[in-house]
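What follows is a set of notes on a single structure, which appears directly below.
The values are calculated or read from the model by the stated rules, or taken from the named source; none is laboratory data. The shown structure was predicted, so the numbers you read here are calculated from the model rather than taken from an experiment. In this analysis, Cβ positions are derived from the backbone assuming ideal geometry, glycine residues included, and neighbour counts consider all displayed protein chains. For the accessible areas, the whole protein counts, side chains as well, though only heavy atoms, and no ligand, DNA or RNA atoms are used. Shrake-Rupley method; radii C 1.70, N 1.55, O 1.52, S 1.80 Å.
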Amino acid sequence: MFVAKLDHPADFDGWRGAARAALALGIAPEDMGFAVEGEVAGLFAEPLPPLPEDARPAFVPKQFPDLARKLVCHADADRFVFAYRLLWRLQIDKRLLEIASDTDVVRSIEMEKAVRRDSHKMKAFVRFREIETEEGRHYIAWFEPFHHVVELTAPFFARRFAGMVWSILTPLRSVHWDGADLTFAPGASQDQRPKDDDMEALWLTYYASIFNPARLKVKAMQAEMPKKYWHNLPEAQLIQPLIRNAEASAQRMIATAPTLPSLRHERQAERNEMATAVREGAFGGFNKRPDDIDEAREQAKHCKACPLWEPATQTVFGRGPSDAPVIFVGEQPGDQEDLAGEPFIGPAGKVFDQALTAAGVDRTQAYVTNAVKHFKFVPRGKRRIHQKPNMGEMKICRWWLELERELIRPKLIVALGATAAASVLGKAVTIRDTRSKLIDLDEDTKLLVTVHPAYILRLPDREAQAREQAAFNEDMARVREYVPEIALAA
Ligand code: URA
């Protein structure tokens with residue numbers, strides 16, 4: 001058994017380096033272990049040899065680093081080996097992450113989701129208290145995350161509260177921001193947990209334990225504690241930035257507003273800004289308009305233009321060739337689509353697939369997307385119940401649909417249901433008035449409106465279902481007739 005040492009419980013860089021070396025050396029996941037600093041590595045553990053100089057680069061799909069970064073933050077004791085197993089399997093099956101039924105893939109989605117939720121909770125529930133220290137005003141918060149999300153989430157606070165000096169203490173890790181740099185330190189111990197509002201007392205205990213006695217007596221400290229030993233001392237990480245930035249921090253504190261805006265208001269402001277940017281065509285609030293559909297998909301992952309991004313697992317962007325002659329537009333992803341990150345793979349997707357097959361249409365040659373790219377739902381027990389997107393959400397998300405249309409330039413757009421039709425046309429229409437006709441959208445593109453496949457599923461009796469399925473199949477046959485290049489190979 002080989003064991004790689006990691007510096008802290010969410011040490012992604014350490015894991016990545018070790019995983020690369022282990023892969024290059026052909027060490028199977030079952031022969032690989034990881035030990036976080038301070039943990040015992042096991043009786044038969046051999047240290048992992050370094051990365052061989054002639055090692056070939058591993059195959060790493062685009063989405064994997066981001067996924068692995070979250071997996072190593074999970075509370076699961078097996079997280080590092082599990083992330084390594086995924087990487088190992090990816091060398092054999094490059095499209096592994098696309099197999100939604102694979103147990104490792106399912107587990108990775110669940111773990112990633114749990115970490116994202118925990119990180120989100122940290123963003124939402126951390127509350128700073130202002131205290132006076134010898135160095136000036138300091139904002140301090142206590143938080144108890146379930147997963148190892150401090151490293152992952154700290155940059156959010158650094159951006160949000162850039163002009164202040166703050167610390168977030170948790171039982172797992174602590175993070176400090178001096179106005180310029182983030183520094184991480186071990187967690188504050190459980191018995192330091194503040195009672196009610198006793199944050200100041202907590203801070204004083206913690207601060208004293210990590211900075212005393214050297215705080216500003218640099219010379220005395222260096223005499224007592226030579227610099228070469230600093231790297232072994234958690235508190236030493238804090239001393240240098242503190243000294244270096246003492247003057248700048250003091251200046252910043254003078255310029256800093258005395259009260260923190262509430263997180264709710266900050267979030268609302270962020271959304272408003274984003275929504276305005278989208279409405280004004282400012283590329284979804286990003287710096288650069290995407291040049292191709294892959295870039296658009298990448299950017300859409302970060303879209304926060306409406307509140308739907310928050311409870312959803314991920315953005316479900318369109319899938320299909322970048323030059324597809326047909327774009328199918330649904331309403332919004334459902335529960336299964338939200339988890340898998342792909343449109344129309346759940347029950348409505350099955351009805352859709354049946355109709356395409358019956359009409360001889362090859363789905364892989366079409367681009368399939370939705371009017372709204374995040375799953376809107378209300379939780380009910382363990383279930384998430386689909387909610388119709390409102391006009392505001394549709395309007396905001398229309399920016400993405402228009403971009404997809406512009407980048408793909410299809411010959412035909414098929415709107416599956418009234419929401420999709422309204423989103424494509426920019427105005428509400430009825431299915432009754434528009435169904436099955438070829439409507440001109442511009443010189444190159446026509447629109448065909450039909451029902452949403454979920455409508456067929458919701459019909460109460462089999463007879464009605466069979467009738468509607470047949471009518472839906474006929475619409476798919478019209479698609480094939482107008483765009484023969486999309487036919488299934490004989
Ligand atoms: N319903 C939709 O409109 N889109 C999906 O992707 C799934 C269900």
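Which aspartates and glutamates, if any, have their Cα less than 13 Å from the Cα of Lys5, not counting same-chain residues under 8 positions apart?
Asp13, Glu37, Glu39, Glu46
Where both partners of a DSSP beta bridge lie in region 297-407, what percent of those bridges are antiparallel, to the nearest 5?
Among the beta bridges of region 297-407, antiparallel pairing accounts for roughly 55 percent.
Ranked highest first by average number of other Cβ atoms within 10 Å, how do 392-402, 349-359, 376-386 line up?
For the peptides 392-402, 349-359, 376-386, the packing ranking is 392-402, 349-359, 376-386.
So what is the relative contact order of region 126-192, in percent, for Cα pairs below 8 Å that sit 6 or more residues apart?
Answer for region 126-192 is 25 percent.
Bin width 10 Å, alpha-carbon pairs only: give the P(r) of region 2-120 as whole percents, running from 0 to the bin holding the largest distance.
13, 46, 33, 7, 0
Assigning unit charges at the beta carbon (Lys, Arg +1; Asp, Glu -1) and nothing else, what dipole magnitude in debye, to the nearest 20, does region 1-148 show about its Cα centre?
Here region 1-148 has a charge dipole of around 700 debye.
Taking N as the number of residues in region 383-490, what is its alpha-carbon radius of gyration divided by 2.2 N^0.38 Å?
In units of the 2.2 N^0.38 Å rule of thumb, it is 1.16.
If you only keep lysine pairs separated by 8 or more in sequence, or across chains, how many in region 356-417 come under 21 Å at the Cα atoms?
For region 356-417, qualifying lysine pairs total 4.
How long is region 126-192 along each principal axis, judged by its Cα atoms, biggest number first, in Å?
So the extents along the principal axes, rounded to whole Å, are 30, 25, 19.
Ordered by residue, what ³J(HN,Hα) values in Hz, to whole numbers, does region 122-131 give under the Karplus form 6.51 cos²θ - 1.76 cosθ + 1.60, where θ = phi - 60° and Gly and Pro are x?
So the J values, rounded to whole Hz, are 4, 4, 7, 10, 5, 10, 8, 10, 8, 9.
Quick one: net charge of Pro65's neighbours, Cβ under 14 Å, K/R +1, D/E -1?
My count for the surroundings of Pro65 gives +2.
I need the per residue convex hull volume for region 86-131, using only the alpha carbons, in cubic angstrom as a whole number.
Spelled out: Cα convex hull of region 86-131, divided by residues, is 91 Å³.
Evaluated at 20 °C with a viscosity of 1.002 mPa s, what Stokes-Einstein diffusion coefficient in µm²/s does region 289-486 have when Rh comes from the Kirkwood expression over alpha-carbon pairs?
Calculated translational D: 128 µm²/s.
Taking one equal scatterer on every alpha-carbon of region 432-490, how large is log10 of I(q)/I(0) by Debye at q = 0.21, 0.26, 0.28 1/Å?
-0.89, -1.09, -1.15
Between Ala75 and Met1, what is the FRET efficiency for a Förster distance of 22 Å, r being their Cβ-Cβ separation, to the nearest 0.05?
Here the calculated transfer efficiency is 0.45.
Provide the solvent-accessible area of Arg16, counting protein heavy atoms only and rolling a 1.4 Å probe, rounded to the nearest 10 Å².
Taking all protein chains as shown, Arg16 has close to 90 Å².
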